[in-house]
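What follows is a set of notes on a single structure, which appears directly below.
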Amino acid sequence: MLTSYQGRKEPPAVDALHAMIRKLLHQPETAKSADAPVPQLPAHFAWTEYEQLMISEAVHRGETVL
């Protein structure tokens with residue numbers, strides 16, 4: 001889909017994608033016990049020094065950084 005938009009071509013039909021999304025939304029939850037505790041995993045993320053430099057340079061050039 002992105003390729004078609006980037007190439008300014010007609011995008012493909014989205015019916016198959018919509019069907020997959022609906023299937024995921026209406027899929028019954030897996031067999032989880034209500035009594036089973038949910039394990040807590042520590043979340044940690046850090047930009048590398050190189051990534052921080054690239055972000056800083058992009059901001060300095062006035063580019064939009066998301």
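The values are calculated or read from the model by the stated rules, or taken from the named source; none is laboratory data. On a predicted model such as this, the values are computed, not experimentally measured, just so you know. Note: ideal-geometry Cβ built from the backbone for every residue, glycine included; neighbour counts use all protein chains shown.
Keeping to the stretch 9-27, report how many residues are of a type outside the set (A, V, I, L, M, F, W, C), at pLDDT 85 or above and loosely packed, with under 10 Cβ neighbours inside 10 Å.
So the answer is 5.
Just give me the residues in the stretch 39-55 being exposed (fewer than 11 other Cβ atoms within 10 Å of the Cβ) and part of a helix (DSSP H, G or I), in sequence order.
Matches in the stretch 39-55: Glu49, Tyr50, Glu51.
Looking at this structure, is Thr3 part of a helix (DSSP H, G or I) and either among the polar types (S, T, N, Q) or modelled with pLDDT under 90 (or both)?
yes
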